[in-house]
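K.L.:
Next up is a structure, given as structure tokens.
Only the coordinates and a few stated rules stand behind these numbers; no lab work does. In this text, all values refer to a predicted model and were calculated from it rather than measured experimentally.
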């Protein structure tokens with residue numbers, strides 16, 4: 001990056017200065033938005049782990065679920081976990097997309 005600024009500055013110092021200011025402002029802007037978005041990333045990742053655990057539990061206990069007629073309860077429980085994951089993932093995506101406009 002510094003080499004590009006040096007070459008551009010040799011041709012026209014105004015354009016080189018504009019690029020340098022843009023790079024600094026863009027870097028600061030991205031830093032603060034990523035810092036602000038980090039808690040949402042962490043919550044979404046935790047929910048992904050919970051979803052994976054619930055799915056593994058459901059697959060592993062398939063025989064017990066069918067034997068003890070608890071299919072409806074398991075479907076409701078897994079549906080809640082999936083809905084929470086969907087909400088957090090959508091929130092994370094929307095915040096990330098908004099950051100790049």
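K.L.:
Give the span of the chain's Cα atoms along each principal axis, as three whole-Å numbers ordered largest to smallest.
P.N.:
Computed over the chain, the largest-to-smallest principal extents equal 78, 20, 16 Å.
K.L.:
By how many degrees, 0 to 90 and rounded to 10, does the Cα axis of helix 13-60 deviate from the longest principal axis of the chain?
P.N.:
Taking the Cα atoms of the chain, the angle to 13-60 is about 10 degrees.
K.L.:
Taking 0.36 nm per residue of sequence separation and subtracting the Cα-Cα distance, how much length would be gained by fully extending the chain between residue 24 and residue 98, in nm to one decimal?
P.N.:
Gain on extension, residue 24 to residue 98, equals 24.6 nm.
K.L.:
Could you work out how much longer the chain between residue 78 and residue 49 gets when fully extended? Use 0.36 nm per residue separation minus the Cα distance between them, nm to one decimal.
P.N.:
Net length gain for the segment: 9.1 nm.
K.L.:
A follow-up question, please. Go ahead and set up a Gaussian network model of the chain, Cα springs under 10 Å, then flag whichever of 52, 14, 60 fluctuates most.
P.N.:
14
K.L.:
What number, in percent, do you get for the relative contact order of the chain if the mean sequence gap of Cα pairs under 8 Å and at least 6 apart is divided by its residue count?
P.N.:
32
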